[in-house]
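Have a look at the structure below, then the notes.
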Amino acid sequence: MKVNRVKHIGIIGTGMIATSMAVLTTGHGYKTTMFAVNDDLAAASKKTFEDFYAQLVEKKLMTAGQSEICGKYLNYTQDYKGMADADIIFECVVEVLDVKHAVYSEIETNCPNVKAICSVSSALVADKLAEGMGKYKDRIIVTHPFNPPHMVPYFELAAGAETADGVVEFAKSVLEALDRKPVVLKKSAPGFIGNRLQFALWREALYIVENGIADPKDIDTCLMYSFCPRYTSIGMFDHFDNGGLDLNINVCKTLFPDLSDTKEVPKAITDRISRGDLGQKTGVGFYDWRNVDMDAYREKVSAPYWNFFNWELPTE
Ligand SMILES: NC(=O)c1ccc[n+]([C@@H]2O[C@H](COP(=O)([O-])OP(=O)(O)OC[C@H]3O[C@@H](n4cnc5c(N)ncnc54)[C@H](O)[C@@H]3O)[C@@H](O)[C@H]2O)c1
């Protein structure tokens, strides 16, 4: 169901997140304009955009005709005036505060209609983003996605101290209309929710390796075949409530004192970095990647997310 108040969505940037966002918005029939720094970046983004759509067609989630209709909703501009009437803008530029501030200044000059300026920043909080702003400090929020946002439904939203009432709710309603699953944080925290949870688990996984309890492969087997599949249909609070908090308290008492609480980056990471073993990009990390079929790997990464594809595609 489209949000009627939204006639035009602006996206700043042409990178990974920006282009995936454009698939999401055009796939829901929203007129979308992407700001590109130059022709080459616009062309590269258009190619990625078309590849994403080709993949959706290949997966039989839409027809070639439907993907062609969606593509008509996308325009590129190199002038912020091209999104002068945008109702909402997703800022998807590099994670550099000065660059983001320069972008907001352009939006303030050229986009008077914008009701929410949504930064997809991974780490910068809305108050930091607002510091570089003039008249639209009350419209900036963080809408943090997971990559790629046209496939991963979850977004975490966080307002700043000066964000006006209704801005977060408006952005949330737009994301819901885009078939996303947005949650609103009560206050900002580094890592929001998703990465706090993921890195708490990662810290413990590294601790298990460093303390000789198990190898990476066995830890990954545990994740894939024990509790992770459950959490695609119920949540953790569901699960432990269902099990009974009286049972849970005993496990907490036994385990919490034994779990990692290190504040340092574990040696399991720093030692590999000092050897030049950065993971897949150098051929070796925790695993040996040199003979891995990366197309098959990417297919496995995407597989669970196709289930979330339930878009009402535009018909004209
Ligand atoms: N990649 C991820 O996994 C991920 C996940 C969640 C959030 N994010 C966040 O998304 C944002 C973009 O990340 P990405 O991975 O898409 O990066 P990217 O490098 O793929 O794209 C960055 C884009 O910024 C554009 N840009 C640079 N300077 C600009 C300027 N002055 N004006 C306009 N555009 C400019 C570049 O042209 C490029 O299109 C970052 O804030 C990042 O933290 C990334």
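What follows draws every value from the coordinates through simple rules; no lab data is involved. None of these values were measured; they are calculated from a predicted model. No Cβ is skipped: glycine too gets one built from the backbone with ideal geometry, and neighbour counts run over all protein chains shown.
Sequentially through the stretch 310-316, phi angles give Karplus couplings (6.51, -1.76, 1.60; θ = phi - 60°) of 9, 7, 8, 6, x, 9, 8 Hz, Gly and Pro residues having no value and appearing as x. Scaled against 2.2 N^0.38 Å for its residue count N, the alpha carbon radius of gyration of the chain is 1.10.
The orientation-averaged projection of the convex hull spanning the C-alpha atoms of the stretch 1-66 amounts to 4.8 square nanometres. Summed over qualifying helices (DSSP H, 4 residues or more, each -39500 (n - 2.57)) and divided by its residue number, the chain shows a 222 nm mean residue ellipticity of -13000 deg cm²/dmol. Couplings for the stretch 60-74, taken from phi via the Karplus curve 6.51 cos²θ - 1.76 cosθ + 1.60 with θ = phi - 60°, read 6, 8, 7, 8, 4, x, 5, 5, 5, 4, 4, x, 5, 7, 9 Hz in order; Gly and Pro are left as x.
Sites listed here are chymotrypsin sites (Phe, Trp or Tyr not before Pro) in the stretch 162-259 whose DSSP assignment is loop and whose Cβ has at most 13 other Cβ atoms within 10 Å: Phe227. Were the residues from Lys59 through Met224 laid out at 0.36 nm apart, the gain over their Cα-Cα distance would be 57.0 nm. With contacts taken as Cα pairs under 8 Å and at least 6 residues apart, the chain reaches a relative contact order of 16 percent.
Applying the criteria of a DSSP loop state and at most 16 other Cβ atoms within 10 Å to the trypsin sites (Lys or Arg not before Pro) of the stretch 1-57 yields Lys2, Arg5, Lys7.
Annotation for the stretch 75-126 versus the stretch 1-32: alpha-carbon center distance of 13 Å.
Rounded to the nearest 5, the antiparallel percentage of DSSP beta bridges internal to the stretch 8-192 is 15%.
When only the Cβ of Lys, Arg, Asp and Glu is charged (+1, +1, -1, -1), the dipole of the chain relative to its Cα centre reaches about 320 debye. In the chain, taking the dipole from charged Cβ atoms about the Cα centre, the farthest positive-side position among Met294, Gln78, Gly15 is held by Gln78. Ordering Met151, Met16, Met236 by the number of other Cβ atoms within 10 Å of each residue's own Cβ, fewest first, gives Met236, Met16, Met151.
Sorting Lys281, Lys115 by the number of Cβ atoms found within 10 Å of their own Cβ, with the fewest placed first, yields Lys281, Lys115. Compute the helix-to-body angle for 245-255: its Cα long axis versus the longest principal axis of the chain, expressed 0 to 90° and rounded to tens. For 245-255 against the chain, the angle is about 70 degrees.
Taking amide H as placed 1.01 Å from N in the peptide plane, Ile12 has its amide H under 5 Å from the amide H of Phe35, Phe90, Glu91, Cys92, each at least 5 places away in sequence or on another chain.
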